[in-house]
Amino acid sequence: MSGVDPPVALTIAGSDSSGGAGIQADLATFAAHGVHGTSAITAVTAQNTEGVHGVSHLPVEFVAAQMDAVLTDLGVDAVKTGMLGSAAVIELVAETARRGALPNLVVDPVLVATSGDRLLDSGSERSYLDLLREAQVITPNLWEAGVLLGRDLATVDDIRRAAAELAGLCPGYVVVTGGHLVGAAIDVVIHGQDLRELPAARIATSNNHGSGCTFASAVAARLARGVDVDEAVDGAKEFVRCRLRRSAAWQLGRGNGPVAHLCPDDWGDEGRSLGLRSNS
Ligand code: PXL
């Protein structure tokens with residue numbers, strides 16, 4: 001990156017036609033951080049706020065072609081993965097990471113949509129374990145952590161134990177997000193022996209579609225800007241809360257509406273475009 005060039009981030013993820021989650025959320029989040037967004041699209045979903053109507057997977061070779069085209073040319077500073085869709089694509093990403101080609105890798109292990117619809121071929125969950133080993137940060141929510149570990153999680157104590165177990169599988173940072181807890185939305189962050197809890201009052205809204213993608217992309221964007229991991233996680237949480245507050249009363253669609261990606265504050269000076277201020 002030269003002095004005038006923006007940092008560059010790559011998202012490897014699926015398209016969400018409703019614009020709340022997936023590639024659409026990731027690119028909007030990168031832009032809000034002053035980070036140039038690039039993408040390798042793994043699948044296209046036909047979905048709205050009520051659910052997923054269909055999924056069309058791209059051939060794994062074409063996912064690889066998109067990744068190669070970007071990685072060999074643009075100088076990528078951070079990479080975020082979302083919906084990978086199949087074991088073959090998960091293995092492709094893990095293999096590319098093992099070659100050292102995916103810097104500052106943030107893995108959001110997307111398994112199911114907010115609506116409960118599956119976003120990963122059944123039986124492919126185990127292939128995630130290989131990819132977790134390569135990540136600098138993983139950001140499963142309560143349900144995803146439960147699927148990865150093969151049991152249901154419901155309480156903050158469950159999250160603490162799950163995060164500690166996942167830390168045994170991922171040498172990077174494990175962030176288990178508690179947005180689906182009943183009560184306060186407590187996230188647990190573990191790196192090695194260090195455990196931190198990030199408590200936050202719940203923002204009462206059903207417009208949370210895309211909040212997980214936005215969180216993981218905000219972490220990746222901050223890493224691309226050279227922010228350290230703890231600070232990136234804290235800032236990303238505040239960034240998502242700001243957006244959840246902004247869209248809390250929206251009535252877009254009949255189901256779980258999108259988290260706000262339009263934030264007029266981002267259009268101000270560069271300091272504000274980093275989303276480091278939590279204007280609501
Ligand atoms: O929120 C996870 C997610 C990721 N990627 C795509 C999605 C969703 C949720 O609906 O549609 C494409």
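We did not get these values from a lab; they are worked out from the coordinates using the rules stated. Owing to the predicted nature of the structure, the values given are computational and were not obtained by experimental measurement. Don't worry about glycine lacking a Cβ; one is built from the backbone with ideal geometry, like all the others, and counts go over all protein chains shown.
Looking at the stretch 1-104 alone, DSSP beta bridges between its own residues are antiparallel in about 35 percent of cases.
Computed from the C-beta positions of ARG245 and GLU95, the FRET efficiency with R₀ = 45 Å rounds to 0.65. Each of ASN256, SER122, ALA13 was scored by the projection of its Cα onto the charge dipole of the chain, and the greatest displacement toward the positive side belongs to ASN256; charges sit on the C-beta of Lys, Arg, Asp and Glu.
How would you rank LEU58, LEU148, LEU74, going from fewest to most other Cβ atoms within 10 Å of each one's own Cβ? Don't skip to the answer; put the middle values down first.
Details: LEU58 20, LEU148 23, LEU74 14.
Ascending Cβ contact count within 10 Å gives the list LEU74, LEU58, LEU148.
Shown for LEU252, LEU195, LEU120, LEU142: other C-beta atoms within 10 Å of each C-beta, ranked fewest to most, produce the order LEU195, LEU252, LEU142, LEU120. Of the DSSP H helices in the chain, those with a Cα length along their own long axis of 18 Å or more and a mean Kyte-Doolittle hydropathy reaching -0.5 comprise 211-224. Counting neighbouring beta carbons within 10 Å and listing from fewest to most, the residues THR42, THR205 come out as THR205, THR42. Computed about the Cα centre, the dipole magnitude for the chain is approximately 600 debye when only Lys and Arg (+1) and Asp and Glu (-1) carry charge, each at its Cβ. Given axes a ≥ b ≥ c from the Cα gyration tensor, I'd like to know whether the stretch 1-89 is rounded (a/c under 1.5), prolate (a/b larger than b/c) or oblate. The shape class here is oblate.
The H on the amide N of LEU84, modeled in the peptide plane, is under 5 Å from the matching H of VAL110, each at least 5 residues off or on a different chain. Full extension of the chain between SER122 and ALA65 gives 18.0 nm of extra length, using 0.36 nm per residue less the Cα-Cα distance.
Helical content alone sets the calculated 222 nm signal of the chain at -10500 deg cm²/dmol, taking -39,500 (n - 2.57) per DSSP H segment of four or more residues and averaging over every residue. Restricting attention to the chain, close to 40% of DSSP beta bridges with both partner residues there are antiparallel.
Between GLN193 and LEU129, the contour length at 0.36 nm per residue exceeds the Cα-Cα span by 21.0 nm. Shown here are the Rg and Dmax of the Cα trace of the chain, at 17.1, 48 Å.
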